[in-house]
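Participant: Mind looking over this structure? Questions follow.
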Amino acid sequence: MSVSQLCPLGEIAEFFSGFAWKAGRFSDTPLGMPIIRIQNVGADASRDFKYWPDNYADRFVITKGDLLLTLSGSFRTAIWPGPDALLNQRIVKVSPKSNTDSRWLFYALEEAMVRIAGMGRHALVSNVALSDLKELKIDVPPLEEQRRIAGILDQAAELCRLRTRALDKLNTLGQAIFHEMFGSHCDQLNARKGTLGDFADFFSGNTLPDGEEFADQANGYLILKVSDLNREGNTDAVTMAASWSRKTGTRASTCPAGALVFPKRGGAIGTNKKRLLDRPAILDPNLMGVAPKQSFMTSDFLEGWFSCFDLSGIASGSSVPQLNKKDLDPLPVVLPSFENQLVYSKRRSTLKEMQARARVAQDTANALFASLQHRAFRGEL
């Protein structure tokens, strides 16, 4: 293998800066060309486009496969997946010069992202000057070595994508199983009709006092906030003793194990932020819980039923949407037999085991890619 050379980034790549399109003329409707803003670079590249309805110069058009780098706020690089779009300010198109492989350059920029972000000139928003970026030193191997490194990293990145895709499919399978077993097309023998209030109890969050001592943490209740809902396990949540009392002398009401907890205020209503409790919890004021009456409904069925229901559609309030017991209590429920609910729970349990294995495989693939990338740009691959 030939020796690498330390080169300024400007010697191996050319940079083309985006244009300062006038925001006042942006359109939300898909008329004209989409505009690539910073939030469009990366995982959500095709979402939340603004459009330019007027004339433009062809040199600002970005096509599928172009390499982009953001230079403001959130620093990241991405291969543009399409569609053809106009490049906005504070984003640059990066093109490899001769003797530089385009895929290797992408991985090199990714590996250097911490250093690039550290070059930011802080005002209200951190910005990197293009002149500074061009002076960033990169260890550049010969072209054939670049291609070899890019090929190895491409394979590792594809493995990461496959693992993520598999987990995404498993995450949608639970809802599909629910629809298959309990959808309207199914024969609901021995089903019972009623309202959610007939088959479940409701629990509201508490206004929690500050400055209290937390005791008996191993055996206490969880204290949950909206940010805790999608976390695995209980390690990130604060715990408190069952005997803890509020300053008024009354015990904070608790939500029991088996309840489904979700946001009841603001824009988080209707999102996928939900948590099925495996132990009692005290909820903050922005949360509410629904616990199945054990003689009628399993917790798994309750979770599956809510996964098929849009809570934002029934929230009350104009300025700040809000959910209350009165909104949920009258919702119609067709409750299948308890035996069928238990069959569903068994299938859900099998699915959760598959999801756990898929998460381990995803973490392993991501760790492998990170290790290979680290070694590749230190001459160890």
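Participant: Say we look at the range 90-128 and pick out the residues that are assigned to a strand (DSSP E or B) and at pLDDT 90 or above; which of these is nearest to Ile149 (Cα to Cα)?
Facilitator: Per the criteria, the residue is Pro96.
Participant: Go over the candidates Thr207, Thr254, Thr195, Thr172 one by one and state the one that is over 26 Å from Met297 (Cβ atoms) and modelled with pLDDT of 50 or more.
Facilitator: After ruling out the rest, the residue left standing is Thr207.
Participant: Scan the range 370-381 and report the pairs whose first residue is in contact (Cβ under 8 Å) with a residue 24 or more places away in the chain and closer than 15 Å to Leu159 by Cβ and whose second residue is part of a loop (DSSP other than H, G, I, E, B) and open to solvent by less than 60 Å² (accessible area, probe 1.4 Å), with Cβ atoms within less than 8 Å and a gap of 6+ or a chain change.
Facilitator: Between residues of the range 370-381 that are in contact (Cβ under 8 Å) with a residue 24 or more places away in the chain and closer than 15 Å to Leu159 by Cβ and residues that are part of a loop (DSSP other than H, G, I, E, B) and open to solvent by less than 60 Å² (accessible area, probe 1.4 Å), the close pairs are Leu372/Leu381.
Participant: Would you say Ala45 is crowded, with 16+ Cβ neighbours inside 10 Å and modelled with pLDDT under 95?
Facilitator: Here the answer is yes, as Ala45 does meet what is asked.
Participant: Would you confirm whether or not the range 272-288 contains a residue that is surrounded by fewer than 21 Cβ atoms within 10 Å (Cβ to Cβ), among the small types (Gly, Ala, Ser) and within 29 Å of Asp168 (Cβ to Cβ)?
Facilitator: Taking every residue of the range 272-288 in turn, none turns out to be surrounded by fewer than 21 Cβ atoms within 10 Å (Cβ to Cβ), among the small types (Gly, Ala, Ser) and within 29 Å of Asp168 (Cβ to Cβ).
Participant: Still on this structure: So, restricting to helices (runs of 4 or more DSSP H) that lie completely within the range 293-381, which ones have at least 2 residues that are open to solvent by 70 Å² or more (accessible area, probe 1.4 Å)?
Facilitator: Helices (runs of 4 or more DSSP H) meeting the threshold: 325-328, 338-376.
Participant: Given the options Leu277, Leu222, name the one that is at pLDDT 80 or above, among the aliphatic types (A, V, I, L, M) and out of contact with any His (no Cβ under 8 Å at 6 or more places or on another chain).
Facilitator: Matching residue, one of Leu277, Leu222: Leu277.
Participant: Could you check, for the range 49-59, whether at least one of its residues is over 24 Å from Asp101 (Cα atoms), under 28 Å from the mean Cα position of the chain (by Cα), open to solvent by 20 Å² or more (accessible area, probe 1.4 Å) and not hydroxyl-bearing (Ser, Thr, Tyr)?
Facilitator: yes
Participant: Among the residues of the range 311-357, how many are within 22 Å of Ile177 (Cα to Cα) and among the small types (Gly, Ala, Ser)?
Facilitator: Number of matching residues: 4.
Participant: Farther than 29 Å from Ala191 by Cβ, free of Cβ contacts under 8 Å to residues at least 24 places away in the same chain and not acidic (Asp, Glu) - does that describe any residue in the range 275-289?
Facilitator: no
Participant: Any idea which of (1) over 29 Å from Val114 (Cβ atoms); (2) open to solvent by 40 Å² or more (accessible area, probe 1.4 Å) is the one Ser27 doesn't satisfy?
Facilitator: Condition (2) is where Ser27 drops out.
Participant: Which condition breaks for Arg265 when tested against (1) surrounded by fewer than 18 Cβ atoms within 10 Å (Cβ to Cβ); (2) over 14 Å from Ile223 (Cα atoms); (3) modelled with pLDDT under 85?
Facilitator: Condition not satisfied by Arg265: (1).
Participant: Go through the residues of the range 73-94 one by one and say whether even a single one is open to solvent by 70 Å² or more (accessible area, probe 1.4 Å) and among the hydrophobic types (A, V, I, L, M, F, W, C).
Facilitator: No - not one qualifying residue is present in the range 73-94.
The values are calculated or read from the model by the stated rules, or taken from the named source; none is laboratory data. Fair warning: this is a prediction, and the values are worked out from it, not measured in the lab. Virtual Cβ from ideal backbone geometry, glycine too; neighbours counted across all protein chains shown. Just the protein is used for accessible areas: all its heavy atoms, side chains included, with ligands, DNA and RNA removed. Shrake-Rupley method; radii C 1.70, N 1.55, O 1.52, S 1.80 Å.
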